[in-house]
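Notes follow once the structure below has been shown.
The values are calculated or read from the model by the stated rules, or taken from the named source; none is laboratory data. Given the structure is predicted, the values throughout are model-derived calculations rather than measurements. No Cβ is skipped: glycine too gets one built from the backbone with ideal geometry, and neighbour counts run over all protein chains shown. These accessible areas exclude ligands, DNA and RNA; they are computed on the full protein's heavy atoms, side chains included. Shrake-Rupley method; radii C 1.70, N 1.55, O 1.52, S 1.80 Å.
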Amino acid sequence: MSNSRADIDEHTAEMQATWDASAAGWDNNSALIRAWLHAATAAMLDAADIQPGLRVLDVAAGAGDQTIDIAHRIGPHGRVVAIDLSPQLVARATINLQRAGYKNAEVRVGNGEALGLNATFDAAVCRLGLMFYADPLVGLIEMRRALKPGARAAVLVFSGPARNPLIVEQLEIAARHAGIARPDPCQPGGLLSLGDPAQLTAQFARAEFQGVECRAVSAPMRLSTASNYVDFLRTAAGPVVKIANGLVDQQRAALWFDLERAFARYQFSNGWCGPNELLLVSGQVET
């Protein structure tokens, strides 16, 4: 992907459309996603040093799962501002926070690559969003500009393809059924585009974060059967759903069948466990 304004705008519009279309499925799978990412999310909030009373920025907030965790941590004297590109996800996050009873949270539609916020937050996080950006460095610079001196930021992204075989294989199978070239999950804007720890820490440093740290976080998804995982993919996994939507009914059914058959190898006596690995990167704004 080139970084011309037209290409960036096109990519941004495509991401918004993809996640608008998957918003209901992502939200309806909230319990599954929360169980899957709970430990990794807690580690991210720890890395950002989120404490009671802080003002926190949650970028690419999705349906608000981690926003609820932030609202709980900061308490009634803190404030969390959650931003997402998808109006559909923002609407659902707003409802979820209201239902959870948190009045210290605000959800807005916004672009992480054009936040336009200046030094007003004590901490910032971004969970599984930065890798979708047309230009992640711009997103990190925007996040750093939104932070006060001494504030911390923490980001979770998927690590490389060797540690995330589910992602690689689902795109491969979907592309084969569609008769197209397999989308490269490591290309800019792809699911695994920031999976190189050295590259990601360098991006943080270029964005002028200090004391940058990076570590791998195991995040296996545990379900009853491979069929449950495929049900999740067909409703909530934007990139695969986008390919599947271009198929006729019979082709689509064959795709879901082949995915279930392929992922049956992760079935064990105590249930299904699919491997995933994330990278947790954090840094601090200069004091």
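Quick look at the values:
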| item | result |
| --- | --- |
| Test: V138 is open to solvent by 40 Å² or more (accessible area, probe 1.4 Å), within 21 Å of F158 (Cα to Cα) and among the hydrophobic types (A, V, I, L, M, F, W, C) | yes |
| Residue pairs meeting the criteria (Cβ under 9 Å; at least 6 apart or on separate chains; first more than 23 Å from A48 (Cα to Cα), in segment 80-109; second among the aromatic types (F, W, Y) and open to solvent by 30 Å² or more (accessible area, probe 1.4 Å)) | S86/W19; Q88/W19; L89/W19; L89/W26; R92/W26 |
| In segment 119-135, the residues that are surrounded by fewer than 22 Cβ atoms within 10 Å (Cβ to Cβ) and under 12 Å from the mean Cα position of the chain (by Cα) | L128 |
| Verdict on A124 being closer than 19 Å to S282 by Cβ, among the small types (G, A, S) and assigned to a loop (DSSP other than H, G, I, E, B) | no |
| Members of segment 154-201 that are open to solvent by 30 Å² or more (accessible area, probe 1.4 Å) and not in a helix (DSSP H, G or I) | G179, I180, A181, R182, P183, D184, C186, Q187, P188, D196 |
| Criterion (touching a residue at least 12 places away in the same chain (Cβ under 8 Å) and farther than 30 Å from E260 by Cα) met by exactly one of L130, L166, L156, L147 | L147 |
| Residue ranges of strands (runs of 3 or more DSSP E) in segment 1-118 with at least 1 members open to solvent by less than 20 Å² (accessible area, probe 1.4 Å) and on the phi > 0 side of the Ramachandran plot | none |
| Top-ranked residue of segment 141-153 - restricted to ones that are part of a helix (DSSP H, G or I) and open to solvent by 20 Å² or more (accessible area, probe 1.4 Å), ranked as farthest from V217 (Cα to Cα) | R145 |
